[in-house]
Amino acid sequence: MFLKTLRNKWKHYRYRLVPWIAFNLKDRRMRAVAPSESDKILTNSQVEQFLLHFFENLENERLSTENTSDLWKSQKLTEEEQFVQYKSNLRVMEECVGFITERKPSLIPGCGTGVFVTKGEIPKQTVVSMYPGTIYRAGEPILFQSLANPFIFRCIDAVLIDGNDKNISKYIYKSCGQRDRHGPYLTCDLTWVTRNPVNPLAVGQYVNNQSKQFPANVAYQEFDIPEKFPFHLQKYIPNINYSSSIQDCLEEHRLTRVVVLVSLRKIEEGEELFSSYFTVVH
């Protein structure tokens, strides 16, 4: 039983282990990528408008409940206060998008945690989650973080996102987030590494891959946050570049890469989300 569980975990994990991918490139299936937005389920504009609308609702909720006179204090909530804030933002999620998604034990034996629709239903072609984590580009060190780490997502252009909320990955993300803050103003969400993320969409790393028994009902889609994105809403983005913004200024400005999960069909209350490793091409 133990060996069967171990083989099952390795079967899902190996495609996210950078050294294994490097030594098994010949076994990787390739797909043609369209040179335009025809490769995407939603347009970049649709993804941006969704995020703006949702983040604005989260911000309005924060302003109505927090004492904004002390931003430092408002970012150092107790675990109980974080839980209350999380539940409040789940209510905002339901009012804003019409559904709630939460982490629960997966229906797939041996796969640990999954993400479920716990209230409402998700229409087809709707953003349902975000894949959080530290963004690594070519040449940036990620070998040690990738060891025994099933949460590394590889983008089409080889950008890697480390969505592990534990161990060294967690500390690297928090360090980069604190590095890029402007005084008391955060430029990313630091709470997704806790059990109570301020942005309830930031649980995409726990969406399990599809199987024969459970076909995909969501697909990954990449999106770069534009420079014009409102500064006061950046604190809800659950991603940060590994390289500092200062280095970016010296070289070239790097936009923040986010990966959203988009529904492929209507998803009913109580269903678990299952992803297609490759984006579906229409």
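The values are calculated or read from the model by the stated rules, or taken from the named source; none is laboratory data. This one's a predicted model, so the numbers in the text were calculated from it and none came from an experiment. Cβ placement follows ideal geometry from the backbone for every residue including glycine, while neighbour counts extend to all protein chains displayed. Accessible surface areas use protein heavy atoms only, side chains included; no ligands, DNA or RNA. Shrake-Rupley method; radii C 1.70, N 1.55, O 1.52, S 1.80 Å.
Count of segment 266-282 residues, restricted to those that are out of contact with any Pro (no Cβ under 9 Å at 6 or more places or on another chain) and either modelled with pLDDT of 95 or more or closer than 14 Å to residue 208 by Cα (or both), is 9. For residue 262, indicate whether it is under 22 Å from residue 169 (Cβ atoms), open to solvent by less than 10 Å² (accessible area, probe 1.4 Å), among the aliphatic types (A, V, I, L, M) and at pLDDT 95 or above. It is false that residue 262 is under 22 Å from residue 169 (Cβ atoms), open to solvent by less than 10 Å² (accessible area, probe 1.4 Å), among the aliphatic types (A, V, I, L, M) and at pLDDT 95 or above.
Every condition in (1) under 18 Å from residue 153 (Cβ atoms); (2) under 13 Å from the mean Cα position of the chain (by Cα); (3) part of a loop (DSSP other than H, G, I, E, B) holds for residue 216 except the one numbered (2).
Only a single criterion out of (1) open to solvent by 40 Å² or more (accessible area, probe 1.4 Å); (2) assigned to a loop (DSSP other than H, G, I, E, B); (3) of a type outside the set (Asp, Glu) is not satisfied by residue 232, namely (2).
Tallying residues that are open to solvent by 40 Å² or more (accessible area, probe 1.4 Å), in contact with a helix residue (DSSP H, G or I) (Cβ under 8 Å, 6 or more places away or on another chain) and closer than 23 Å to residue 154 by Cα within segment 167-193 yields 3. Applying the criterion of being at pLDDT 95 or above and assigned to a strand (DSSP E or B) to the residues of segment 161-183, the residue that is nearest to residue 261 (Cα to Cα) is 161.
The residues on offer are 131, 136, and the sole one that is under 16 Å from the mean Cα position of the chain (by Cα), open to solvent by less than 10 Å² (accessible area, probe 1.4 Å), touching a residue at least 12 places away in the same chain (Cβ under 8 Å) and farther than 19 Å from residue 261 by Cα is 136.
A count restricted to segment 184-194 and to residues that are under 14 Å from the mean Cα position of the chain (by Cα) and part of a loop (DSSP other than H, G, I, E, B) stands at 4.
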